[in-house]
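Here's the structure, in structure tokens; my notes come after.
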Amino acid sequence: MKKIISNWQASFVAAIVIFLAAYPLLGPSSYLKHLFILFFIWSVVAAYWNLLNGYVGINSLGNIGFLAIGGYTSGILALRFGLSPLITIPIGGVVTGLLVTLFLGFPALRLSGIYIALLTLIFADSLPSILTQTRDITGGGMGLHEIPPFFPGMEKVHTYYICFVFFLIAMLILYKVIHSKTGLAFVAMRDSENLANTLGINRYQERLKVFAISSFMTGIAGGFYVHSLGDISPTTLSIEPFLLALAMIELGGIGTFFGPILGAGVIVFGNEFLRLAGTLRLTLLGALICGVILFYPGGIMQLVEELGTRIKVLFNRKKVTE
Amino acid sequence: MLKVDSINGYYADLHVIKNLSLRIDQGEVVALFGPNGHGKSTLLKILCGLQHPKSGTILFNGENITAYPSHRIVELGIAYIPEARDLFGDMTVMENLNLGAYNKRARHSIPQNLEFVFEIFPRLFERKNQLCSTLSGGESRMVAVARGLMSEPSLLMVDEPSIGLSPSLRSSVFEALAKINREKGITLLIVEQEIRDALSMANRIYMIKKGEILFEKPSAEVDINEIEKAYF
């Protein structure tokens, strides 16, 4: 019992993973499975966005663009050249990594703070016009449709498991990165760049590294996105998904590992269930975000940690009185 | 080992280091005294590459490091320990120490260096998994010095190691520094306001005033009144 309580977070995570693995066996509707698929993909996007913003302190506003580049690359290759998504998704990741490192990583070496935010925002914002101008390849404003799934003739439940495994692997990689020396260096640069430099951390190298990691993984997520959903269009780059993705990070807790995942859960499911509220949907979500920022600036993770210490205190008190 | 030749340095627009030259020999302990705001910390920042001098040269083991960025200077073996509590508060003691060994040279000898660090500061071993933001002032200084040692330096530059510490903690920090010099042969450059403590362990001192070296002497020949006079 004591072990379960002291490791309550680990136990909780294990329970959630088991639940997610067993969930399709409960026979949920195709619609619910679809929501979970969205949750898996957006979690990865938000988590790797958080790596840039929360862990390294680079204010990127362009990660939706990374998703789009990866998605479009993989979608075009599969649709126009008939390649298997197993090949096109990694290619999409590599292309995204290269483009982003080249167009954002290198310029960002000389920029800081708000200027990086502007650069990345412009990068993501320029993509819709590029996409509409290249109709022959990208499908223009209509986007790409009937993008082949991972395997021909597969069902929703297969897509669910493929995305679930991708989600687990992506989170495992992120966890490893954060807890490696590189991850420590990232946080050190965020907290004090000068101090980090005097410890032998090369800021240029680390910044390129984080742009490469974040964009590669987000590009891969883009591949999973298009092959799961079957289509992508410039509306993916519109203001709503962009703000929702940022809200996932803020709501969950910026700079924490589990925050963006929790935030993605709340936003993906909340956004769908609030469709019942019609046009009030975004207002309600906005109110929720305002509330969290006002009362829990550390996001849901702050709430979780407070609850955690209370449980511990309660448990210890019981032991003393016994 | 370190040879600084007539450097000029600025703090924003202020000309705080004026034509300053000094040298530090292998294995020495050199203390740098001087009133606040007369360029001591700026000098250390220039030596570790956080700032660059407008003119002059800095040679380290014969290599011209004047224009090197700080991460390269660390790799060559100069460690800089900044003033006060410059730790990463959200990381544990162990993580802070690991960051100290970030450069390629020191990565290979982490276990040996850790052993030495824990031998000098046994208290850090007890607290290795504690968050740095929860440490006391003395423990924070220990982590800062230990983190510097993890980079396996041949020259350790310490900015006011005793600032804000009680007299007993102060002497234990100085004892630790003396041990580092004695057992590992690491050259030390110490900036200090606690003149007596620093004087007792230094081989040589530099007195800096208004960005210039006022005098340089072996510590045995120093009259403490002379230093105190120079402060005013």
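Relative protection proxy for A:95-103, A:193-201, A:285-293, A:14-22, from highest mean packing down: A:193-201, A:95-103, A:285-293, A:14-22 (other beta-carbon atoms within 10 angstrom). With a cut-off of 10 Å between beta carbons, the residues surrounding residue A:281 carry a summed charge of 0, where Lys and Arg count +1 and Asp and Glu -1. Taking every Cα-Cα distance in region B:102-232 and sorting them into 10 Å bins starting at zero, the pair-distance distribution P(r) comes out as 11, 39, 32, 15, 3 percent. The mean sequence separation of alpha-carbon pairs under 8 Å and at least six residues apart, normalised by the residue count of chain B, gives a relative contact order of 28 percent. Since only A:290, A:261, A:308 are under comparison, the one whose Cα sits farthest along the positive direction of the charge dipole of region A:239-322, derived from C-beta charges on Lys, Arg, Asp and Glu, is A:308.
Calculated FRET efficiency, residue A:118 and residue A:208, Cβ-Cβ r, R0 22 Å, to nearest 0.05?
Working: r = 20 Å, r/R0 = 0.89.
Computed FRET efficiency for residue A:118 and residue A:208 comes out at 0.65.
Per residue of peptide A:47-58, the mean number of Cβ atoms on other chains within 10 Å of the residue Cβ is 0. For residue B:28, the residues whose amide H sits under 5 Å from its own are B:188, ignoring neighbours fewer than 5 places away on the same chain, with H placed 1.01 Å from N. Among the lysines of region B:3-128, pairs at least eight places apart or on separate chains and with Cα atoms under 19 Å apart come to 9. Amide H to amide H, with H built 1.01 Å from N, residue B:80 comes under 5 Å of B:157, counting only residues 5 or more places away or on other chains. Placing a pseudo-label 7 Å from each Cα along the Cα-to-Cβ vector at residue A:235 and residue A:133 gives an inter-label distance of 2.4 nm.
Quantify how strongly other chains surround peptide A:199-209 by giving the mean number of their Cβ atoms within 10 Å of each of its Cβ atoms. Mind dumping the intermediate values first?
Values: counts 17, 18, 6, 8, 3, 2, 1, 2, 0, 0, 0.
For peptide A:199-209, the averaged partner shielding equals 5.
Where a ≥ b ≥ c are the square roots of the eigenvalues of the C-alpha gyration tensor, would you call region B:18-96 rounded, which needs a/c under 1.5, or, failing that, prolate if a/b is larger than b/c, or oblate? The shape class here is prolate. Using the Cα gyration tensor of chain A, with a ≥ b ≥ c the square roots of its eigenvalues, what is the shape: rounded (a/c below 1.5), prolate (a/b larger than b/c) or oblate (neither)? Oblate is the answer for chain A, as a/c is 1.5 or above yet b/c matches or exceeds a/b. Sorted ascending by nearby beta carbons within 10 Å, beginning with the fewest, A:138, A:283, A:236, A:132 become A:283, A:132, A:138, A:236. GNM remark for chain A: springs join alpha carbons under 10 Å apart, and the peak mean-square fluctuation among A:160, A:204, A:48 falls on A:204. Computed 3J(HN,Hα) for region A:218-224, one whole-Hz value per residue from the Karplus formula 6.51 cos²θ - 1.76 cosθ + 1.60 where θ = phi - 60°, is 5, x, 4, 4, x, x, 4, glycine and proline marked x.
Taking the Cα centroid of region B:23-37 and of region A:200-214, what is the distance between the two, rounded to the nearest whole Å? Cα centroid to Cα centroid, the span is 35 Å. On the basis of the beta-carbon distance and an R0 of 25 Å, residue A:310 and residue A:10 show a calculated FRET efficiency of 0.85. What the phi angles of region A:129-134 give under the Karplus curve with 6.51, -1.76 and 1.60, with θ = phi - 60°, is a coupling list of 5, 4, 5, 6, 7, 10 Hz, glycine and proline written as x.
Compactness ratio for the protein assembly as shown: Cα radius of gyration over 2.2 N^0.38 Å (N = residue count) comes to 1.16. By the gyration tensor of its Cα atoms, with a ≥ b ≥ c the square roots of the eigenvalues, what is the shape of region A:25-121: rounded for a/c under 1.5, prolate for a/b over b/c, or oblate? Here region A:25-121 falls in the oblate category. Between residue A:18 and residue B:15, the simple spin-label model (points 7 angstrom out along Cα→Cβ) gives 7.4 nm.
Every number in this text was worked out from the coordinates using simple rules, so none of it is lab data. Note that the structure is predicted; figures quoted are calculated from it, not measured. Every residue, glycine as well, gets a Cβ built from its backbone with ideal geometry; the counts of neighbours run over all protein chains shown.
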